[in-house]
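The values are calculated or read from the model by the stated rules, or taken from the named source; none is laboratory data. Quick caveat: nothing in here was measured; it's all calculated off a predicted structure. With ideal geometry, Cβ positions are generated from the backbone for all residues, glycine too; neighbour counts draw on all protein chains shown. Side chains are part of the model used for accessible areas, which takes the heavy atoms of the whole protein and leaves out ligands, DNA and RNA. Shrake-Rupley method; radii C 1.70, N 1.55, O 1.52, S 1.80 Å.
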Amino acid sequence: MWWLIYGRTTVLLTTLLLVSVAVGTGAAILAWRERPKPGASPLVALLAAQAWWSTCIVFRLQAATIPAKIQWLQLGWVGVVCVPVAWLYFALEYTGRDRYLRTPYIAALAVVPAITVALVVLGNHDLLVIESYTIGTDGVVRFEQGGPWYAVVAGYTYLLGLCGVAAIVELVTSDAVAFRGQGVTLLIGLAAPWVTNVGFLLGAFGTAGVDPTPIAFSVSGVAYLGAITRYQLLETNPAPRRRARQLVFDGMREGAIVLDTDGHVVDANGYAIDALGVPRGAVLGEPIERIVPEYDRLRDENTAGHLRLGDGDEGRAYDAAVTDVTDVHDRCIGSIVTFHDVSTYVRQRQRLEVLNRILRHNIRTETNVIHGYAERFGDGDASRIVQERAERIEAVGEKGRQAVELFERTRETQTARPLAVILDECVEAVRETHPDVDVSYDRPADDIAVAGVLAAVFDNLIENAATHNEGDERNVTIETRVDTDDVAVVITDDGPGIDTQETDVIRDGGESALRHGSGLGLWIVRWGTEIADGKTEFSHRDPTGTEVTVTVPRLDGA
Amino acid sequence: MSSQTDSPSLTWDGTRSVYSTLAALFAYGVRAKDALVYSSAYLVFIAGVEVVTAMIALSLPLSPAPLVIALLTFAVYVGDRIADAEVDAATSPERAAFVTRYRRLFSIGTAAAYGLAVALAILGGPTALAIALIPGAFWILYASDWLPSLGRYFSRLKEILVVNSAVVALAWAVCVVCLPLAYANHAFTPTAAVVFGYFFLDTFVNTEIPNLRDREGDAANGVSTLPVVFGVRRTRHILYALDLCLVAGIALAFHAGVLGAAMTVGILVGLGYALCLAWFVGRTERYGRLAIAGEAKHLLVVAVVVALGAAGF
């Protein structure tokens, strides 16, 4: 029986090594079943390498001859050098840093292990193992290890271990309990063999020259098993997080240029690179003033706004902003310039301005001329009809101008005006133009304020109620219902009512060649109410007439 | 008054209690049977017994070999059950449901079993370790997409007539015979060759019996087995022929002095039992039970051998 043949130290070491093999193999199988999830395959490699290392030590202890012991000692190095590479591969893949796992990087990482394996295969040298040994009182053969390549491998192992830790540490600070648990158990899994190896190198263990590091890997195996079963290691993995954020950054329809504290460009997404029209390499590392000459103006809140990139007809306008990037201590560690294309919007604005001028000036001038010449016709019907039509053309022009001004105001900050003042003006105007209409007006309190844009809305509604009214007694009533946050203005008339088709078109928000309203007035009501963040409701009155309720938020801070 | 009313109640409660206890025991029994059959746990015991049979036949000293093979059997067979649970849902819904219900437990259990088996195999030296890794290597190659071309090649072996069962029988015979040899550091003697041949052919026969149940599914999936290619009746004849070949081989080995009397009798009794089971092929549709009965033959063999040994043979 082997435990009777060998000494107590050998039996103890063998037992512990076999435990580490059993735990490592079991954990490797569980990890194998999780493939192709990120980190599963390198974790299998890590655990298999550790199991092989332990196995070689057991065979070395059992070997009867010195050459056989040296052979197993050498073969054990295959496992030793695979452990740190597999660990780093696992840490990078599991935390989503897979861009470092391209073939050139992996090949570079594999150079030291490959040389080590080659040295093992070649044999007959003392680069790894110096073939001098002593036999202890416990019967264990102690080999001198520490050839020049031994130091290289040791340093390399610690370096890769540290790099892996740097990647895993991020998990410990995660908001998710599962990731924190995974991070802590993974670090425990690494710390156990690490501490053991340091202790062995310092001569702290009485293991007769046998490196007990792989034994400590049984602790790693238990930690990994715990992470797999309790914290869903490999099942719930953080790998997509980094890629997803990068994907959003690269794919968003907005330019983003990241700057360090000195104003040098450290990153830029694809949209920004395309907008700047220069290669990525010419942007990264450059001062932002060289890339975006207007940067200082954009940084100043008072002068921030539009940014123009490109020359001539190909130039485009962007709405730009600069936002500081801060760390957990609220210290500024850089800034990000974001910008999105507003060229279409700017062009539309220019067209509106031209349209506004034509509606305000040209139509009025032309209709005045028509009016003047029509008067020369005398008092006939032809003269009257031409003058009436000219007035209607001018009225349409006026409505168009109102609509254009409405859109212009959407760009401006919403200005609050007293509701009473707005309604006073509208009522006064309609009483002036329609003296035969009885306008009943319930004047609201002076302190109630609403968006100034509503003047056009109420003007149209009240004028509409007065104009499209028939009969001997024509009444228009204006009431106000005040709530804590909102105010409702109810305009009623006893006219024939608005055609359902008109209100349907306005409600649906679109016209076609076959389905359209008769003018611009109701559109101005809808657009104006929308801009004021309110709503309009139309209802028929019994027996006749219309009730229009405009409900808008109060801006007086009530 | 109260005693009069209580007595019948107590009697009734007592009867009910006995019934509920019996029902609970029956339920536990059914669950234990399910656990043994659906998880293939009975195979674990039989696998250990096969190794013990080989060790007796080869006069090998006591070693962890039976335990290692038992652990490997559990890991590989239950691992297969886990991997094939979705496919099994169509052909064996109860078994698939059982495996799915205890999937996590089985997953950890099989991993631990394989880890322990490998660790124990290391005590037998490099050869024992290599043998212990054979079933796991086959399992990985069959069940995985790792190394796709190699995986596809091994997957295709499953579809080739005779080769599919022969690969399983070969792996099994190597493990059962060579592992205890490796532990004992014993040479591969003519006796070992006879025992190896016996386990190889016997496992081949036992592999083809479940194929009778799965013949329709195998035919649909393009897997060539004896029942798919030759039909049920001819398969029965082939199984007769294989068992009779074994009888002849064992008799010759005894005649040549390679195999002891007790082992020869034990194996021949087992083969007689196997021939009886082969008679049922085509005459029953309970091939699942027939397969279990075929595996249980090893219990009969070792019982006969131990009994004869105790009687001084």
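A few points about this structure:
- Carbon and sulfur %, accessible surface of the stretch A:231-345 computed with the full protein complex present, 1.4 Å: 49 percent
- Reduced Cα scattering model of the stretch A:342-486, Debye log10 I(q)/I(0), q = 0.10, 0.17, 0.19 Å⁻¹: -0.50, -1.10, -1.19
- In this simple spin-label approximation, A:Arg242 and A:Arg351 carry label points 7 Å from Cα along the Cα→Cβ vector, and these lie 4.8 nm apart.
- Three-way shape label, the protein assembly as shown, alpha-carbon gyration tensor, a/c 1.5: prolate
- Angle in degrees between helix A:363-375 and the longest Cα principal axis of chain A, rounded to the nearest 10: 10 degrees
- Angle in degrees between helix A:239-251 and the longest Cα principal axis of chain A, rounded to the nearest 10: 40 degrees
- In a reduced charge model with +1 at each Lys and Arg Cβ and -1 at each Asp and Glu Cβ, the protein assembly as shown shows a dipole moment near 7140 debye about its Cα centre.
- The spacing between the stretch A:246-301 and the stretch B:26-99, judged by their C-alpha centroids, is 64 Å.
- Of the residues A:Val337, A:Ala192, A:Val490, the one whose Cα sits farthest toward the positive end of the charge dipole of chain A, with +1 on the Cβ of Lys and Arg and -1 on the Cβ of Asp and Glu, is A:Ala192.
- Chain B - mean residue ellipticity at 222 nm from DSSP helices (-39,500 (n - 2.57) per run, n ≥ 4, rounded to 500): -27000 deg cm²/dmol
- Total charge dipole magnitude, the stretch A:311-470, about the Cα centre, Cβ charges on Lys, Arg, Asp, Glu only, Debye to nearest 20: 520 debye
- The accessible surface of the stretch A:351-457, taken with every protein chain in place and a 1.4 Å probe, is 52 percent carbon and sulfur.
- Summing charges over neighbours of A:His371, with a neighbour being any other residue whose Cβ is under 9 Å away from its Cβ, gives -3 when K and R count +1 and D and E count -1.
- Compared with the dominant Cα axis of chain B, that is its longest principal axis, helix B:2-38 is turned about 20°.
- Per-residue accessible area (protein heavy atoms, 1.4 Å probe) orders A:Asp447, A:Asp459 as A:Asp447, A:Asp459, starting from the largest.
- Those residues of the stretch B:241-274 whose amide nitrogen sits under 14 Å from the label point placed on B:Val162, 7 Å along Cα→Cβ: B:242
- For chain A, averaging the sequence separation of C-alpha pairs within contact (under 8 Å, six or more residues apart) and dividing by the residue count gives a relative contact order of 8 percent.
- Along the axis of the charge dipole computed for the protein assembly as shown (Cβ charges of +1 for Lys and Arg, -1 for Asp and Glu, origin at the Cα centre), the listed residues A:Ile273, B:Thr110, B:Leu275 are led at the positive end by B:Leu275.
- Difference of contour (0.36 nm per residue) and Cα-Cα distance, A:Gln501 to A:Arg316: 62.4 nm
- Estimated FRET transfer efficiency when R0 is 41 angstrom, pair A:Glu473-A:Ala416 (beta carbons, to 0.05): 0.65
- For peptide B:126-135, the mean count of partner chain Cβ atoms within 10 Å of a residue's Cβ comes to 1.
- Extension gain, A:Val169 back to A:Glu425 (0.36 nm per residue minus Cα-Cα distance, nm): 85.3 nm
- Calculated mean residue ellipticity at 222 nm for chain A: -18000 deg cm²/dmol, from DSSP H runs with n ≥ 4 weighted as -39500 (n - 2.57), summed, divided by the residue count and rounded to 500.
- Assuming charge only on the beta carbon of Lys and Arg (+1) and of Asp and Glu (-1), the dipole of chain B about its Cα centre is about 220 debye to the nearest 20.
- For the stretch A:528-556 versus the stretch A:21-36, the gap between their alpha-carbon centres in whole angstrom: 69 Å
- Residues in the stretch A:24-43 occluded by at least 20 Å² - accessible area, probe radius 1.4 Å, against chain by itself: A:Thr25, A:Gly26, A:Ile29, A:Leu30, A:Trp32, A:Arg33, A:Arg35
- Computed from the C-beta positions of A:Leu127 and B:Asn185, the FRET efficiency with R₀ = 30 Å rounds to 0.35.
- Total formal charge among the other residues, if their Cβ is under 12 angstrom from that of B:Tyr273, Lys/Arg +1 and Asp/Glu -1: -2
- Contact order, relative form, for the stretch B:173-313: 25 percent (alpha carbon pairs under 8 Å, 6 or more residues apart, mean separation divided by residue count).
- FRET efficiency, A:Ala382 to A:Arg290 (Cβ-Cβ, R0 51 Å, nearest 0.05): 0.10
- For q = 0.16 Å⁻¹, Debye-computed log10 I/I(0) when each Cα of the stretch A:265-414 counts as one equal scatterer: -0.95
- Charge tally around B:Ile46: other residues with Cβ under 13 Å, Lys/Arg +1 each, Asp/Glu -1 each, net -2.
- Vicinal HN-Hα couplings computed from phi for the stretch A:52-61 (Karplus, 6.51 cos²θ - 1.76 cosθ + 1.60; Hz; Gly/Pro x): 5, 4, 4, 4, 4, 5, 4, 4, 5, 5
- Rounded to the nearest 10 square angstrom, A:Val421 shows an accessible area of 60 square angstrom against a 1.4 Å probe.
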